1. Which residue, of MET161, MET114, is within 16 Å of the ligand (Cβ to nearest atom) and on the phi < 0 side of the Ramachandran plot?
2. Conditions first: (1) touching a residue at least 40 places away in the same chain (Cβ under 8 Å); (2) under 21 Å from MET347 (Cα atoms). THR575 passes all but one, so which condition is the exception?
3. Could you check how many residues of the range 182-219 are outside any strand (DSSP E or B) and over 30 Å from ALA121 (Cα atoms)?
4. Do we find that THR72 is more than 30 Å from ASP246 (Cα to Cα) and open to solvent by 40 Å² or more (accessible area, probe 1.4 Å) in this structure?
5. What about ASP238, is it among the acidic types (Asp, Glu) and away from the ligand (no atom under 16 Å from the Cβ)?
6. For THR400, state whether it is within 16 Å of the ligand (Cβ to nearest atom), assigned to a helix (DSSP H, G or I) and closer than 30 Å to GLY30 by Cα.
7. Would you mind finding the one in GLY224, GLY260, GLY273, GLY185 that is closer than 26 Å to ALA138 by Cα and open to solvent by less than 30 Å² (accessible area, probe 1.4 Å)?
8. Take the residues in the range 193-221 that are touching a Leu at 6+ places or on another chain (Cβ under 9 Å) and away from the ligand (no atom under 16 Å from the Cβ); name whichever of them is least open to solvent (accessible area, probe 1.4 Å).
Amino acid sequence: MTFQAPVADITFALKHAAGFADALSEPLYGDLTEDLADAVLAEAGRFASEVLAPLNTVGDRVGATFKDGAVTTPPGWKEAYRAWAEAGWNGLAAPAQWGGQELPHALNAACIEMWNSAAMAFGIGPVLTMGAVDALAAHGTDVLKRDYLHKLVSGEWTGTMQLTEPQAGSDVGALRTKAERDDDGSYRIVGQKIFITYGEHDLTDNIIHMVLARLPDAPPGTKGISLFLVPKFLVNADGSLGPRNDVRAHSIEHKLGIHGSPTCTMVFGDQGGATGYLVGEENRGMTCMFTMMNQARLSVGLQGVAIAERATQQALAYARERKQGRAIGTAPDQSSPVIAHPDVKRMLLTMRALTRAARAICYATAVALDRAQRGGDEEARRQAADRAALLTPIAKAFATDIGSEVASLGVQVHGGMGYIEETGAAQHYRDARIAAIYEGTNGIQAIDLVTRKLRLNGGRTVSAYLDELRQIINAVSEINDPAFGATAVRLTEAIESVERASGWLRAQLDETPAAALAGATPFLRLFANAAGGALLAKEALAATRLTDDGASARIEVARFFAENIAVQAGGLERTVIEGADSVNRAEAALAG
Ligand SMILES: Cc1cc2nc3c(=O)[nH]c(=O)nc-3n(C[C@H](O)[C@H](O)[C@H](O)COP(=O)(O)OP(=O)(O)OC[C@H]3O[C@@H](n4cnc5c(N)ncnc54)[C@H](O)[C@@H]3O)c2cc1C
């Protein structure tokens, strides 16, 4: 099925749920006009729908292939990548100094969603290049910036992010790749990395690897990790490509999904050591990597939204066409499209509501990142950075969890045909699964939320955010529109559950940390349900105020979310508080 980027929905959510319209009018973004922002989104939607979306199936069926150390991307990938980079999409939010357009991260976030809806295996590549640009711009030496940034920003070269080794996955501190100082100020890198996305490919002439490695005298764990830039081809003083560096792809993985994205095992130092250049200070590599990670985690969250959107579009189209049985009230000689059955309607509404809630949370995170960078004074920037830090694990984990759930419902709506590859619903289901795993598993995101983010500023970052959500709910109560049903009541209950669970978790962190860790995942879901529900209500309120054509639809989605999804808050709160004990006491259940 063809994909149509939902530009109107994306634009509305960005402006009115995530706060982009307020930021524009402040003006947080200087002379950026609403018209220009609209035009960028419209053009991204066109490119995603017309150029990238048709590549999704061939990307899955042919996939990336490996022969004699070289990776060939699927047919059409190279041409699409060139057109995409030449149109300037890679540098949309990158610094103007290095050839970027320095447009808002929020705008880029909406575009990232569209690239990934169109073809997730294509969309993940640029996410890593953008991460490399961020790390280099923030921590690289002037010489490294001069030699590499222009081409990374233009997309003429791509970037990779290399943390994972066989014994070092979630525990990055266990990595063993070695870096030895050389007399000329560079380093010799020796070791192996696994699961490296676009570690090798034929899209560009050079690939710039951002590699974590350990110096011989480094302290153990994460405090002894340094970041190195390791180009596939060394770069001459005049910018031309020099000899091949001592790094190669050994193989690519056969995966459940995103077949078009090569996942490479990388070998450094067959011939004595790859040349690497230090980024940031020795042993401070994790700090530099974190610069990439907030953006990259948000981008992976956007992949969850993206795949959920595409799966929803496809399921809706099928449910309108496929006739089966008679819905209540249908004439005896007629059969009904399956969308007329309440159970199918429930599935489709769940898909739509979860997708839009996750989108709103991700975009709100992007606006917070913009405020952290561009805010008017130091205090505003600090508060925004804390807000972004709080929302990032929620955006990543919630959006990618619902990505899988929505894609699974998408298969279900198709019945048996959903299980047959031909329809494409199965591909979304397979593709979606990785996003909950890479860029820090969702379990690790939940632990980050509970152990670090709940305690930010002594808990004030969380309470300020909950106050803001409460104001939205008060506005819903005040307009007293029956179309909202029990939205305000259910969302108030959800916020109260978040507050009680937060207080309980904070107390456990000091006394019984295992209980807090056991409750982390249901707590993240509880928080996301409350936040997502409030942001959907905010969007619906804005649509009512602006007498937008889609106002009734937005109210229905907000109400459905509050009454069918946010309403699960009580159960999630109990899972956090009462369920932890049964997790930690259990021994026999998993023995043997
Ligand atoms: C297709 C693909 C592409 C990838 N791309 C890249 C890339 O470009 N660059 C890169 O560096 N890596 C990449 N990765 C690696 C990815 O980031 C890791 O797979 C991921 O971080 C998890 O590590 P792991 O696989 O070792 O799982 P493990 O760390 O072994 O985790 C196994 C399970 O245990 C849980 N767990 C682990 N530790 C804890 C803990 N302390 N507390 C609670 N639960 C825990 C995890 O949540 C998970 O459920 C990619 C992986 C895949 C499959």
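1. After applying the criteria, what remains is MET161.
2. (2)
3. 10
4. Details: more than 30 Å from ASP246 (Cα to Cα): no; open to solvent by 40 Å² or more (accessible area, probe 1.4 Å): yes.
Answer is no for this residue.
5. On the way: among the acidic types (Asp, Glu): yes; away from the ligand (no atom under 16 Å from the Cβ): yes.
Yes, satisfied.
6. Details: within 16 Å of the ligand (Cβ to nearest atom): yes; assigned to a helix (DSSP H, G or I): yes; closer than 30 Å to GLY30 by Cα: no.
Here the answer is no, as THR400 does not meet what is asked.
7. The match here is GLY224.
8. ASN206
The values are calculated or read from the model by the stated rules, or taken from the named source; none is laboratory data. Quick caveat: nothing in here was measured; it's all calculated off a predicted structure. FYI the Cβ positions are ideal-geometry reconstructions off the backbone, even for glycines, and counts take in every protein chain you see. Ligands, DNA and RNA are excluded from the accessible area calculation, which covers all protein heavy atoms including side chains. Shrake-Rupley method; radii C 1.70, N 1.55, O 1.52, S 1.80 Å.
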